[in-house]
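Heads up: the structure comes next, in structure tokens.
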């Protein structure tokens, strides 16, 4: 359920793709414009740079695992996965020796091993997406330059900390519910590889959910608390294998969960947290907020659809009826690309109607460039390669993060470059 809250790559696939240098340089050039945009752009670029370096280290770490060894492992275990699925035991793992066969080679530093395992468990692309989304939405509540004060940063920090804890609960619960599926789709995750026991996973998600609710209660912001609570309910219903739940089995319901959280809760609840709790202003919904919510609806649908494209093998075996399983990889892939291109076309139109010349120029030119990069990247994807599809999925997450950082241009109250 890594995409449900606010936002996995193959262990052998670098996170940043061939189109990323152009994408990064395009956004860094925006740093020439003074104002609050520069700070968030710098934060976003540094965050993705850190994620890229960690991904490279991981790729080098796992380079010594041969392709033949992985294929033998999957051949040996696929029959047992089918047996478990038909028996109705999706959370039961194989024997310790079989789980150990897929463990990573450890380094001599246990601290490094622990950090890497938790890094993969937390699904870092969702962590970065969560943090950037909250910062960008918070900036939409800024009405004058003096609003960017210690009060602003403390309010953002409260929201980011609580949301990241809930993010880890949701992605962790999804991994606990999908151990056997992840042994096929994402064997590098700690629970699937055996680095974490089931008990360890339960302890982590329980601890982080408690800390998230505790922080939300201590802060005293009702928009923040309700954002956490609704995310908790939808994230649990999406993943947990209980009667009437595990909504991820139903394609439409799963997509609606992701749409509700990413497009509505993230935009509205965290905006209201800043507007009503931090700045003590009456509730109001500005034009930039409405546009950002509508735009993110497109991205949310795409994430809901695209996340299952590289995971079709395991979903078929375990009877998860995603749109990819029902319609096929190629059809779903190109549907996602066309939806994003439509979103960029709408953004270009809205940007062209802006009364501010600088906003009109940046939004129109920026979205034209991003739409072109996306189209060229999509044409280069090999739909027969899981690594290629996963890399494109991660690229879409970078587009989402870039969208969050560009939302400020729709706010007429921010200082004009």
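Under 1.5 on a/c is rounded, so check that first for the stretch 294-396, then, if it is not, pick prolate when a/b is larger than b/c and oblate when it is not; a ≥ b ≥ c are the square roots of the alpha carbon gyration tensor eigenvalues.
Judged from the Cα gyration tensor, the stretch 294-396 comes out prolate (a/c at least 1.5, a/b above b/c).
Would the stretch 228-337 count as rounded, prolate or oblate if I go by the C-alpha gyration tensor, calling it rounded below 1.5 in a/c and otherwise prolate when a/b exceeds b/c, oblate otherwise?
oblate
Based on other C-beta atoms within 10 Å, arrange 308, 387, 315 from fewest to most.
Going from least to most buried by this count: 387, 315, 308.
Rounded, prolate or oblate: which fits the stretch 183-278 when a ≥ b ≥ c are the square roots of the eigenvalues of the alpha-carbon gyration tensor, with rounded for a/c under 1.5 and prolate only if a/b beats b/c?
oblate
Just want the ordering: 313, 158, from fewest to most Cβ atoms lying within 10 Å of their own Cβ.
Details: 313 15, 158 21.
In increasing order of surrounding Cβ atoms, one gets 313, 158.
Defining a contact as two alpha carbons under 8 Å apart and six or more residues distant in sequence, what relative contact order in percent does the stretch 112-218 show?
Working: 81 pairs, mean separation 36.1, N = 107.
After rounding, I find 34 percent.
So how do 266, 142, 309 line up by other beta-carbon neighbours within 10 Å, fewest first? Provide the component values of the computation, followed by the final result.
On the way: 266 28, 142 19, 309 23.
Arranged by neighbour count, lowest to highest, 266, 142, 309 become 142, 309, 266.
Once the Cβ-Cβ distance between residue 357 and residue 382 is put in as r, and R0 is 56 Å, what FRET efficiency do you end up with, to the nearest 0.05?
E(calc), rounded to 0.05, equals 0.85.
Once the piece of chain linking residue 118 and residue 335 is laid out straight, how much longer is it, given 0.36 nm per residue of separation minus the C-alpha distance between them?
Contour length minus the Cα-Cα distance gives 74.8 nm.
Values in this text are rule-based calculations from the coordinates and carry no lab data. This is a predicted model, so every value here is computed, not measured. Here the Cβ is made from the backbone with ideal geometry for all residues, glycine too, and neighbour counts use every protein chain on show.
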